[in-house]
Amino acid sequence: MNVNDALPHLPKIRTALQFAAPEWMTGLDAATGERVISTRETPASPVIDVARLAKGAPMDDADLLLNARLWLVALYTLFSARSQQVKQLTEELAELRRRAASPGGRDYAAECAMTCTRHDFRRYLIDRHQLPADASQERIVTRLRSILNIRSRAELNTDPAAALRWRNFKGDFEAWKKT
């Protein structure tokens, strides 16, 4: 199944999880030897058998049925959390792009490139980040990309997390200059 095929099922899954009995349990029918999946609405409610697993049902298939509700809830919880994270990161990215495009907006990539050429920044990297004293300009840039965990300084304008790491790093540099 691909994402486009899966998407129409999401509202149905949400509704089923919302209205299905919250308590699922498994048991054994003593008369038939079959495993039974049962539910109940509350601890005081009667137990209702909703499915029986035939004797000899493959263990993986039985495990899937027995854990279906728990696993669906877990997957839906993870999906919801990740969806919220994507929404937040999308908003942060839009804000970064808006600020970079506005007059006086911050172009972190350009700011980083200019900062890398400063003598005091070189001293900071030597002092605090083990940059060799004889490092070339290319080595400075490579070291900074490693520290910021970026492949290119352009990521500072497109990745909110990278932009935050740059702002924090630049703040540490500014604090170091005052010492």
For labels at L7 and D61 in the simple 7 Å Cα→Cβ model, what's the distance in nm? 3.3 nm
Could you look at the chain and say what percent of its accessible area is carbon and sulfur, using a 1.4 Å probe and all protein chains? 57 percent
The chain: angle of helix 10-19 to the longest principal axis, Cα-based, in degrees nearest 10: 60 degrees
Å² of accessible area per residue within region 55-179, as computed with a 1.4 Å probe and no ligands counted: 66 Å²
For region 112-122, what does the Karplus curve 6.51 cos²θ - 1.76 cosθ + 1.60, with θ = phi - 60°, yield as ³J(HN,Hα) per residue in whole Hz, taken in order and with x for Gly and Pro? 5, 4, 5, 5, 5, 8, 7, 5, 5, 5, 4
Tell me, what is the percent relative contact order of region 1-54, built from C-alpha pairs under 8 Å that lie six or more residues apart? 24 percent
Considering all projection directions equally, how large on average is the shadow of the alpha-carbon convex hull of the chain, in square nanometres? 19.0 nm²
Cβ-based net charge around F173, under 12 Å, with every Lys or Arg adding one and every Asp or Glu removing one: +3
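The values are calculated or read from the model by the stated rules, or taken from the named source; none is laboratory data. Note that this is a predicted model, so its numbers are computed, not measured. Counting neighbours? That spans all protein chains shown, and the Cβs are built from the backbone with ideal geometry, glycine included. The accessibility values were calculated without ligands, DNA or RNA, using every heavy atom of the protein model including side chains. Shrake-Rupley method; radii C 1.70, N 1.55, O 1.52, S 1.80 Å.
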